[in-house]
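Visitor: Below is the structure I would like to discuss, written out as structure tokens.
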Amino acid sequence: MSSDPLVVFTPSGKRGYFPVGTPILTAARQLGVDLDSVCGGRGICSKCQITPSYGEFPKHGVTVRDGALSEWNAVEQRYQDKRGLKEGRRLGCQATVQGDVVIDVPPESQVHRQVVRKAATARTITMDPATHLYFVAVEEPDMHEPTGDLERLQRALKAQWGIGEVTADLSLLAKLQPALRKGEWKVTVALHKGHNDTSHRILEIWPGYSEERIYGLAIDLGSTTIAAHLCDLRNGEVKASSGLMNPQIRFGEDLMSRVSYSMMNPGGDREMTAAVREAINDLTRSIAAEGGIEPRQIVETVFVCNPVMHHLLLGLDPVELGQAPFALTTSDSLSLPAREMGLDAMNPRAQVYILPCIAGHVGADCAAVALSEEPGKSEDLVLIVDVGTNAEILLGNTTRVLACSSPTGPAFEGAQISSGQRAAPGAIERIEIDPVTKEPRFRVIGSDKWSDEEGFDTDIATTGITGICGSGIIEAVAEMRMAGLLDESGLIGSAEQTGTPRCVPEGRTHSYLLHDASETGGPRITVTQGDIRAIQLAKSALYAGARLLMDEMGVERVDRIVLAGAFGAHISTKHAMVLGMIPDAPLDKVTSAGNAAGTGARIALSNIGARAEIERVVREITKVETAIEPKFQDHFVAANAIPHKTDPFPDLYSVVTLPKVSFNTGGGDDDGSGRRRRRRA
């Protein structure tokens, strides 16, 4: 092992050893990390801003100590004085490696910005939000009737709208008298009353009759991405959708890594809470600008998130979620002021509603999927899979609904993949491999053309071909299996075994060459044996979770499957089935629901009755704990085969024929890591 310091970049997961004194920008370029710079490293453009992280990182196998980077220098101070740097930021061209370090590349420092593909799905929603606008005429003050302006406003609301008790906080009271007098004793007020509230709360007031719209945010706070929908609270219209990377990635790509960071670094939970709240504030400002509104018009926010994100958003230590019995601080829904959570980019009196969690590792995001897809109202047996770094799975019909979570890890997001990257312009997202010639063709984000079509090179002239994202690696592995480049165990064959020089030696294993632009200074993009194993582990966890629910339900088949989440919307059902990600089902019965968790958040934002409904429903869902169920491991091991070692997949084989090839010859059995173990005599 190298004696040089280890540098780990997030969110890409790329790592390498570099001599002391190497600029972070240089290390990033040598590893192919997406870190921007246009000034040649002179500290002028500031596009190479990075955030170092300190503490213990078990996931990366590294401890980062003070002094891991060179000290703050005069160039950084000059930039700080002129333009300012966010707290904790450094310039990658100025900070040099002094010890093992974990470096986060924030979204604004990436050349190829992440495409957060959690768009709003068209949905008919009955509007009954918690916040409404009311126009009211208030009696003028009278010396003979010594009442305050607030009391007379309350009286007018009761007389004209039948509204009972009304409260207002101090910041609203400061606006009350000027608004009444400017509006000549007529005002428009935004009143909030949650489904469990006994009184209305005044969130905003305008002089006279105001046509100003009020808005809410539906936020899907995921482990990897934060997606938000800006919704008009009058009609439910989605004014804008936006998203960004969850900055907590620098503390750990998966949930248990973040729990470990909190366990091993005192105050680590507070660091992660501060990071995600700052990101939400940034997202609030950016989505308001995109929607052409003022942030103060956002008066309500609904959050859906998994239990670890739930705790870190609220400022609760998630340590108990890292060990049995996986106890939540609270599983109930929460209603509280946004400012109490440090969310100060929206209206200062904005209210937050967080959907209930189902159990220790099945969170409010799964509850939102249940609200959106309603498995408990399905006459046929439906399996709903929300694919992400942590997959949530629901199985049910009108008789019973089961739920579990499964730790798939970040491979489906393009992380832990040799040429992997997040979904961004230039990333390969679709792949086909000719089963005869073994030649690939592909599409990249930012172009509608395939790589062998005329005009492709012109389309990608700006972005180039930079790597492969989650949907791309899924299709690559499935296509390799269908083309006979990969055997059932997941081994990649040699050039002689497969009949193509694209299968190249790599150590003791082989890789498949997708794209090679190294002669012109571009990337060499391959699918390695390590990539195959990462995908096998992820898909096996997903499949095993689904089978566990089927065992609990006492069934061998499901009637239909719904793929939810950004991944579900961007992968073909055929490739998912070939890979063995999901149990067998007729391909026409496997559909995509888009961002179902985000849709559930929008429903809860737009209808307070839906909030009461999901609070009732989650109490009726049966939780199955994968972490302690012995059968989970059995299903997991069998699912390592592609598509599966024991499941016959009759529906799949009626559509495609998978070649019967085996590259595990002459050296013993494959041990699941690409190595062969020798048989004993």
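Visitor: Return the label of the correct value of Rg/Rh (Cα atoms, Kirkwood Rh), as calculated from the structure shown, out of (i) 1.01; (ii) 1.07; (iii) 1.14.
Guide: Correct label is (i).
Visitor: State the antiparallel share, in %, of DSSP beta bridges confined to the chain, rounding to the nearest 5.
Guide: Roughly 70 percent of the beta bridges in the chain run antiparallel, per DSSP.
Visitor: Moving on. Per-residue HN-Hα couplings for the stretch 438-451, Karplus 6.51 cos²θ - 1.76 cosθ + 1.60 at θ = phi - 60°, whole Hz, x for Gly and Pro?
Guide: With coefficients 6.51, -1.76 and 1.60, one gets 6, 8, x, 9, 8, 10, 10, 4, x, 9, 8, 9, 7, 5 Hz.
Visitor: Mind grabbing the accessible area of Ser662 for me, 1.4 Å probe, Å², rounded to tens?
Guide: 80 Å²
Visitor: Please work out how much accessible surface Thr147 shows to a 1.4 Å probe, ignoring ligands, DNA and RNA, in Å² rounded to 10.
Guide: Looks like 50 Å² after rounding.
Visitor: Related question: Between His144 and Ser199, what FRET efficiency follows from the Cβ-Cβ distance if R0 is 22 Å, with the result rounded to 0.05?
Guide: 0.15
Visitor: Could I ask something else about it? Which residues' amide hydrogens lie under 5 Å from the amide hydrogen of Val62, considering only partners 5 or more residues apart or on another chain, with H built in the peptide plane?
Guide: Those lying under 5 Å, H to H, from Val62 are Phe57.
Visitor: Return the sequence-ordered ³J(HN,Hα) values of the stretch 520-525 in whole Hz as given by the Karplus equation 6.51 cos²θ - 1.76 cosθ + 1.60 applied to θ = phi - 60°, using x for Gly and Pro.
Guide: Those phi angles translate into 9, x, x, x, 10, 9 Hz.
Visitor: A further question on this structure: Note the angle between two axes, namely the Cα long axis of helix 529-553 and the longest principal axis of the Cα atoms of the chain, as a number of degrees from 0 to 90, rounded to the nearest 10.
Guide: Value to nearest ten degrees: 60.
Visitor: Then there is this: Want the number for Ser572 to Thr126: 0.36 nm per residue separation, take away the alpha-carbon distance, what's left?
Guide: 157.4 nm
Visitor: What size of dipole, in debye to the nearest 20, comes out for the stretch 565-667 about its Cα centre when the only charges are +1 on Lys and Arg C-beta atoms and -1 on Asp and Glu C-beta atoms?
Guide: 180 debye
Visitor: Hey, with R₀ at 30 Å, roughly what FRET efficiency would Arg400 and Lys589 work out to, going by the Cβ-Cβ distance, to 0.05?
Guide: E between Arg400 and Lys589, to the nearest 0.05, is 0.90.
Visitor: Given a 1.4 Å probe, how much area per residue of the stretch 131-207 is accessible, in Å²?
Guide: With all protein chains present, the stretch 131-207 gives 55 Å² per residue.
Visitor: Whole-Hz Karplus ³J(HN,Hα) for the stretch 312-319, in order, using 6.51 cos²θ - 1.76 cosθ + 1.60 and θ = phi - 60°, x for Gly and Pro?
Guide: So the Karplus estimates, Gly and Pro as x, are 5, 5, 7, x, 9, 5, x, 4 Hz.
Visitor: For the residue pair Tyr17 and Arg155, what label-to-label distance in nm results when each label sits 7 Å from Cα along the Cα-to-beta-carbon direction?
Guide: Reported label-point gap for Tyr17 and Arg155 is 8.2 nm.
Visitor: Just the number please: accessible area per residue for the stretch 52-102, 1.4 Å probe, all protein chains included, in Å².
Guide: 52 Å²
Visitor: Another question, then. Among the lysines, which fall within straight-line cross-link reach of Lys14, defined as a Cα-Cα distance under 23 Å, with same-chain neighbours fewer than 8 residues apart omitted?
Guide: List returned: Lys47, Lys59, Lys539.
Visitor: Projecting each Cα onto the charge dipole of the chain (Lys/Arg +1, Asp/Glu -1 at the beta carbon, about the Cα centre), which of Phe303, Ala174, Val238 comes out farthest on the positive side?
Guide: Phe303
Visitor: At a probe size of 1.4 Å, how large is the accessible area of Lys645, to the nearest 10 Å²?
Guide: Probe radius 1.4 Å; accessible area of Lys645 about 150 Å².
Visitor: Could you let me know the centre-to-centre spacing of the stretch 196-257 and the stretch 1-67, using Cα atoms, in angstrom?
Guide: 33 Å
Visitor: Hey, another quick one. Report, in deg cm²/dmol and to the nearest 500, the calculated mean residue ellipticity at 222 nm for the chain, where each DSSP H run with n ≥ 4 adds -39500 (n - 2.57) and the sum is divided by the residue count.
Guide: About -8000 deg cm²/dmol.
Visitor: Where the accessible area of the stretch 411-527 is counted over protein heavy atoms with a 1.4 Å probe, how much of it, in %, is carbon and sulfur?
Guide: That fraction is 46 percent.
Visitor: If you rank Tyr353, Tyr209 by how much accessible surface each has, with a 1.4 Å probe, what is the order from largest down?
Guide: The most accessible residue leads, giving Tyr209, Tyr353.
Visitor: Right, here's the next one. Between Glu620 and Lys449, 0.36 nm times their residue separation minus their Cα-Cα distance comes to what?
Guide: Computed gain between Glu620 and Lys449 is 56.8 nm.
Visitor: For Leu312, Leu85, what's the largest-to-smallest order of accessible area, 1.4 Å probe?
Guide: Leu85, Leu312
Visitor: Still on this structure, I have one more. Residues with amide H under 5 Å of Ala240's amide H, sequence separation 5 or more or different chain, H placed in the peptide plane at 1.01 Å from N; which?
Guide: HN-HN under 5 Å from Ala240: Leu230.
Visitor: Next question. I need the peptides 126-139, 379-392, 94-107 ranked by packing, meaning the mean over residues of other C-beta atoms within 10 angstrom, with the highest value on top.
Guide: Going by the mean number of other Cβ atoms within 10 Å, highest first, we get 379-392, 94-107, 126-139.
Visitor: Considering only protein heavy atoms, with the full assembly of protein chains and a 1.4 angstrom probe, order Lys574, Lys82, Lys589 by accessible area, largest first.
Guide: Putting Lys574, Lys82, Lys589 in descending order of accessible area: Lys82, Lys589, Lys574.
Visitor: Pop the C-beta distance of Glu165 and Glu87 into the FRET formula with R0 = 56 Å and round what comes out to the nearest 0.05.
Guide: Working from the Cβ atoms, E equals 0.85.
Visitor: Something else now. Can you give the charge dipole size of the chain about its Cα centre, rounded to the nearest 20 debye, using +1 on the beta carbon of Lys and Arg and -1 on the beta carbon of Asp and Glu?
Guide: Roughly 1020 debye, rounded to the nearest 20.
Visitor: Amide H to amide H under 5 Å from Ser418: which residues, 5+ apart in sequence or cross-chain, H placed 1.01 Å off N in plane?
Guide: Excluding prolines and chain starts, which carry no amide H, the hits are Thr528, Asp531.
Visitor: In degrees from 0 to 90, rounded to the nearest 10, what is the angle of the helix 364-373 Cα long axis to the longest principal axis of the chain?
Guide: Value to nearest ten degrees: 90.
Visitor: Give me the base-10 log of I(q)/I(0) for the stretch 6-109 at each q in 0.10, 0.17 Å⁻¹, Debye formula, one uniform scatterer per Cα, rounded to two decimals.
Guide: Values returned for q = 0.10, 0.17 Å⁻¹ are -0.23, -0.70.
Visitor: Can you give me the angle between helix 596-606 and the longest principal axis of the chain, using Cα atoms only, in degrees from 0 to 90, rounded to the nearest 10?
Guide: 0 degrees
The values are calculated or read from the model by the stated rules, or taken from the named source; none is laboratory data. Since this is a predicted model, take the numbers as computed values, not measurements. Heads up, the Cβs are rebuilt from the backbone with ideal geometry, glycines too, and the neighbour counts pull from every protein chain shown. Side chains are part of the model used for accessible areas, which takes the heavy atoms of the whole protein and leaves out ligands, DNA and RNA. Shrake-Rupley method; radii C 1.70, N 1.55, O 1.52, S 1.80 Å.
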